[in-house]
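Only one structure is covered here, and it is reproduced in the block below.
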Amino acid sequence: MTLDRSPEPPPRPPAEPRPDPERRPIRRRSEVEVRWHQFRNPPRPILRAVLSSLVVATILGCAYLVYDVRLSQGAALPGGDLRTLAVTLFIVIVLMSGSLVTYLVVPQPTGSGNARRRSGWSAALGLFAAVPIAYLVLVIEGQILRPLLT
């Protein structure tokens, strides 16, 4: 009993893709287009870090604005003029709350599994996001809103 086994034909090389007339060629985006896309679609951890700092800074900035305007109108408040202390406390509270809220809200990537991990890097992300937020809120308060109200 002999089996007639013919040799298998050699594998064919992959066919070259045919050009699709409806498909447009891929073009590289400019640096501005890339940054605009990143601005419109931020990663969730970054968005959460910035928004948590922005909410706290806005609330405290409004409270400081009321205090600042009242003092500039000549109101005699207990403790006298403590604007320097108020600005210092504003910055410290925004930085600390930005770090804490980001630490609590932003989980680190875990790869596989459902365990949620947190580390000091989440807090650092919140701190670094809170620094420009605190500065910008103070600039808007002092340079735009305060002159409009006084």
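The values are calculated or read from the model by the stated rules, or taken from the named source; none is laboratory data. The model shown is predicted, which means the values in this text are computed figures rather than measured ones. Using ideal geometry, Cβ is built from the backbone for each residue, glycine included, and neighbour counts are taken over all protein chains shown.
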Item to complete: Could you tell me whether the range 52-67 includes any residue that is outside any helix (DSSP H, G or I) and β-branched (Val, Ile, Thr)?
Response: no
Practice prompt. Could you tell me whether Ser52 is surrounded by 13 or more Cβ atoms within 10 Å (Cβ to Cβ), free of Cβ contacts under 8 Å to residues at least 60 places away in the same chain and closer than 18 Å to Tyr135 by Cβ?
Written response: no
Practice prompt. Could you list, in sequence order, all residues of the range 96-109 that are in contact (Cβ under 8 Å) with a residue 40 or more places away in the chain and hydrophobic (A, V, I, L, M, F, W, C)?
Written response: Val101, Val105, Val106
Discussion item. Out of everything in the range 116-145 that is hydroxyl-bearing (Ser, Thr, Tyr) and more than 16 Å from Leu54 (Cβ to Cβ), what residue ends up being modelled with the lowest pLDDT?
Written reply: Ser119
Discussion item. Going by what's in this entry, would Val50 be described as at pLDDT 80 or above and more than 30 Å from Leu100 (Cβ to Cβ)?
Written reply: no
Discussion item. Going residue by residue through the range 84-100, is there one that turns out to be loosely packed, with under 13 Cβ neighbours inside 10 Å and of a type in the set (A, V, I, L, M, F, W, C)?
Written reply: yes
Worksheet, complete the sentence: Within the range 20-47, the residues that are of a type in the set (Val, Ile, Thr) and modelled with pLDDT under 85 are Ile26, Ile46
Practice prompt. Kindly list the number of the only condition in (1) loosely packed, with under 10 Cβ neighbours inside 10 Å; (2) under 16 Å from the mean Cα position of the chain (by Cα) that fails for Pro78.
Written response: (2)
